[in-house]
Amino acid sequence: MENNYTKAQLTWLLVLRTFIGWHFLYEGMVKVLNPHWTATSYLLDSQGMFRSIFINMAGNAGTMKYIDFLNEWALVLIGLGLLLGCFTRLSVIGGILLLLLYTFSHPALIGVKYMMAFEGSYFLVDKNLIELAALGVLFVFPAARVIGIDHFLVRVLPVGFRKFII
């Protein structure tokens, strides 16, 4: 792959990818290492037009086992993928989907009260959407193909396969 990035562009794309990867990995590890963690209270606190879906999910203990497992390990794997620059596009897409789910559950709307107070005041755009936009930047500027494990994977994986995950 041709590298048309300047050193400054590569540096800041790497910093962005590292910070987001660290955030996802840390959030996942905190949940994995806490045997009592569950997303149940978060889902019960849902607001917005998808509230009933999230509350119904939280009301089913069997479903919550899967949701908790998937949430924990998705955070860990997305974080690792971003930190290492490995399967970066797949990690970015996973991160965007996860952040969309968080946004659908807890939209930043005026007058909506949540059990867990935010540290700021938001209207429509919150930290989740900002991080989602930053992941969009990483998707369209695939610098992990230059600095990351993807640099090596792009050489060994079949063309059709690498387009979607690297």
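The values are calculated or read from the model by the stated rules, or taken from the named source; none is laboratory data. Note that the coordinates shown come from a computational prediction; the quantities given were computed from them, not determined experimentally. So basically every Cβ, Gly included, is an ideal-geometry build from the backbone, and we count neighbours across all protein chains shown.
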Given (1) touching a residue at least 60 places away in the same chain (Cβ under 8 Å); (2) crowded, with 17+ Cβ neighbours inside 10 Å, index of the condition A39 fails: (1)
Among the candidates K113, K127, residue that is at pLDDT below 95, under 14 Å from the mean Cα position of the chain (by Cα) and surrounded by fewer than 17 Cβ atoms within 10 Å (Cβ to Cβ): K127
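Output the residue which, of all residues in segment 26-49 that are aliphatic (A, V, I, L, M) and farther than 11 Å from V76 by Cα, is nearest to the chain's Cα centre (by Cα).
Initial filter on segment 26-49 (aliphatic (A, V, I, L, M)): 29-30, 32-33, 39, 43-44, 49.
Restricting the remaining residues to those that are farther than 11 Å from V76 by Cα gives 33, 39, 43-44, 49.
Numbers: L33: 19, A39: 16, L43: 17, L44: 21, M49: 22 Å.
Looking at the filtered set, the residue picked out is A39.
Going residue by residue through segment 80-97, is there one that turns out to be in a loop (DSSP other than H, G, I, E, B), surrounded by fewer than 17 Cβ atoms within 10 Å (Cβ to Cβ) and touching a residue at least 40 places away in the same chain (Cβ under 8 Å)? Working first, answer last.
As a first pass, look at segment 80-97 and keep what is in a loop (DSSP other than H, G, I, E, B): 85-87.
Subset that is surrounded by fewer than 17 Cβ atoms within 10 Å (Cβ to Cβ): none.
Scanning segment 80-97, I find no residue that is in a loop (DSSP other than H, G, I, E, B), surrounded by fewer than 17 Cβ atoms within 10 Å (Cβ to Cβ) and touching a residue at least 40 places away in the same chain (Cβ under 8 Å), so the answer is no.
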